[in-house]
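Reviewing the structure listed below.
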Amino acid sequence: MYLIKHAHVFAPEDLGIMDVLLGGNRILKIAPELPVEEAYGVEVIEGKGKALFPGLIDGHVHILGGGGEGGPKTRTPEIVLSDITLGGVTTVVGCLGTDGCTRTMANLLAKARGLEEEGITTYVYTGSYQVPVKTLTGFVMDDIILLDKVVGTGEIALSDHRSSQPTKEEFAKIVADTRVGGILSGKAGLVNIHMGDGKGKLDFLKYILEETQISAANMLPTHINRSRTLMQEGIEYAKDFGGYIDLTTSSDPDFLEPEEVKASTGFGMALKAGVSSDQITFSSDGQGSLPIFSPDGTFCGLGVGKVTSLYREMRDGVLTEKLPLSVALKPVTINPAKLLKLSQKGRIEEGKDADLVLADENSLEIDTVIAMGKIMVCNGQVLIKGTFEAQKNHNR
Ligand code: FWO
Ligand code: ZN
């Protein structure tokens, strides 16, 4: 059991200075003053001068690695636990990308289970860029209903030279099957949509919202900040259609696309344009490739996404965009939790999972990361390593 005392708690909303008692993998009690003697066998964590907020949720991580757009030698590396926890992230949704052939759903599920055994919470999307969707059971709806970790479909590529160039009807069927799979399983039924920098942009999503009864909450277009034009269209989509948009936080400075909008900047732009702070999520594209192609489609090189960029962009929302922490936290806590229907996640509230981050209140440097009631990072150092990370240290 842990008792975190005197921390400034952001649920994400600002709760002021509180004591928070954790027991097992749950948040047990939140109160202005919790006397230590009441809870025996408890370890006290001093939170004075620190902000305490929910563990981050990263809704788009290539946990197996991805890439390959420059040939086999450019297939990016598999993630390890501390790539995730050092960024204050305690829940990830794994996905496949361009390469839906050598990266498989069976492998994705096994990796997600491995990460969960190592201490964080994991889910996955079925499929990859491609249409028809490559599933485990043969059907999108069945994957979502029968496989506990499957919360939706993605990342389905649209408006990209690497997509299968699906028709809007093919895309609508994928969203419809995903929605019904979610309804019948009590899960999100969310389609994570990879937006490329092609012409079509969000047309197919608008078509679905205009022509069918499918809800905007079943679609999350990501990489909206990959260009200024798409950022602008994403803002209009959010305002005119009540749609949700996801901004990618990974951007390798060496491979930054000229047009790219930094996620925290894009968030500030959207808020100024009148988009509600409830409609925007961030995700890292961690371990995904960040390839650059010349206008004629020639591969020019690639970087690798980092999960820790999610925290950097949340922090820049405060330090650069001057947003209150209670707002800057929303795209990485309560907003993805709601869209992904993860009712136990995304808030500091009695009864919710004990996923929390303690950080310096001014610099927002991470101090402690707790996942399901276990301390994963302490004083900014990894405490619990992934299986083979531990071995690496022994061999040294
Ligand atoms: C984006 C993942 C892209 C993979 O357009 O979609 O390629 O399969 O690993 N990454 N293709 C990166 C931009 C948003 C910068 C992916 C990648
Ligand atoms: Zn993508």
Between the Cα axis of helix 228-241 and the main Cα principal axis of the chain, the angle (0 to 90°, nearest 10) is 80
Simple spin-label estimate for Ser276/Arg228, 7 Å along Cα→Cβ, in nm, reads 3.0
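Can you give the relative contact order of segment 232-327 as a percent, counting alpha carbon pairs under 8 Å and 6+ residues apart?
Working: 129 pairs, mean separation 29.8, N = 96.
Here the relative contact order equals 31 percent.
Using the crude model of +1 on Lys and Arg Cβ and -1 on Asp and Glu Cβ, and no other charge, please compute the dipole size for segment 169-287 relative to its Cα centre, in debye to 20.
Dipole magnitude for segment 169-287 comes out near 320 debye.
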Protection proxy (average C-beta count within 10 Å per residue), highest first, orders 100-108, 176-184, 262-270, 19-27 as 262-270, 176-184, 19-27, 100-108
Measuring from the longest principal axis of the C-alpha atoms of the chain, the long axis of helix 263-272 (C-alpha) lies at a number of degrees, nearest 10, equal to 90
Relative contact order in percent for segment 72-204 (Cα pairs under 8 Å, 6+ apart) equals 21
Restricting to lysines and to Cα separations under 17 Å from Lys206, and discarding same-chain partners fewer than 8 apart, the set is Lys168, Lys173, Lys239
The FRET efficiency for Lys48 and Thr104, from their Cβ-Cβ distance with R0 = 45 Å and rounded to 0.05, is 0.40
So, with points 7 Å from each Cα along the Cβ direction, the Lys173-Lys199 label distance in nm works out to 2.5
Length gained if Glu33 through Asn362 is fully extended, taking 0.36 nm per residue and subtracting the Cα-Cα distance, is 116.1 nm
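Treat every Asp and Glu Cβ in the chain as -1 and every Lys and Arg Cβ as +1, leave all other atoms uncharged, and give the resulting dipole magnitude about the Cα centre to the nearest 20 debye.
420
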Sorting Pro72, Gly47, Val20 by the position of each Cα along the dipole of segment 1-124 (Lys, Arg +1; Asp, Glu -1; all at Cβ), the one nearest the positive end of that ordering is Pro72
So, over other residues within a Cβ distance under 14 Å of Lys374, counting Lys, Arg +1 and Asp, Glu -1, the net charge is -4
Charge tally for neighbours of Leu205 with beta carbon under 15 Å away, counting Lys, Arg as +1 and Asp, Glu as -1, is -4
In degrees, nearest 10, the alpha-carbon axis of helix 308-319 is tilted away from the dominant principal axis of the alpha carbons of the chain by 70
Between Thr212 and Thr137, the two model label points (7 Å from Cα along the beta-carbon direction) sit apart by a distance in nm of 1.8
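Answer rounded, prolate or oblate for segment 245-396, using the Cα gyration tensor with square roots of eigenvalues a ≥ b ≥ c: rounded when a/c is under 1.5, else prolate when a/b is larger than b/c, else oblate.
Here segment 245-396 falls in the oblate category.
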So for the chain, using the alpha carbon gyration tensor with a ≥ b ≥ c as root eigenvalues (a/c under 1.5 gives rounded; past that, a/b versus b/c decides prolate or oblate), I'd call it prolate
If unit charges are put on Cβ atoms (+1 for Lys and Arg, -1 for Asp and Glu) and the dipole of the chain is taken about its Cα centre, the option from Leu184, Ser227, Leu342 lying farthest towards the positive end turns out to be Leu184
A correct Karplus calculation of ³J(HN,Hα) over segment 111-119, with 6.51 cos²θ - 1.76 cosθ + 1.60, θ = phi - 60°, whole Hz and x for Gly and Pro, returns 5, 5, 5, x, 5, 5, 4, 6, x
With +1 at each Lys and Arg Cβ and -1 at each Asp and Glu Cβ, the charge dipole magnitude of segment 137-219 around its Cα centre, to the nearest 20 debye, comes out at 140
Length-normalised contact order of the chain, Cα under 8 Å, at least 6 apart, in percent, tallies to 20
Any aspartates and glutamates whose Cα falls less than 20 Å from that of Lys187, other than same-chain ones fewer than 8 residues away, would be Asp58, Glu116, Asp142, Asp143, Asp148, Glu155, Asp177, Asp246, Asp278, Asp353
Taking 56-69, 213-226, 340-353 and ranking on average Cβ neighbours within 10 Å, highest first, one gets 56-69, 213-226, 340-353
Here the net charge surrounding Lys50, from other residues whose Cβ is less than 11 Å away from its Cβ (Lys, Arg +1; Asp, Glu -1), is -3
CD proxy, 222 nm, the chain: helix-only mean residue ellipticity via -39,500 (n - 2.57) per DSSP H run with n ≥ 4, per residue, nearest 500, stands at -8000 deg cm²/dmol
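Every number here is computed from the coordinates shown, using simple stated rules; none is lab data. Since this is a predicted model, take the numbers as computed values, not measurements. Here Cβ is always computed from backbone atoms with ideal geometry, including for glycine, and neighbour counts include all displayed protein chains.
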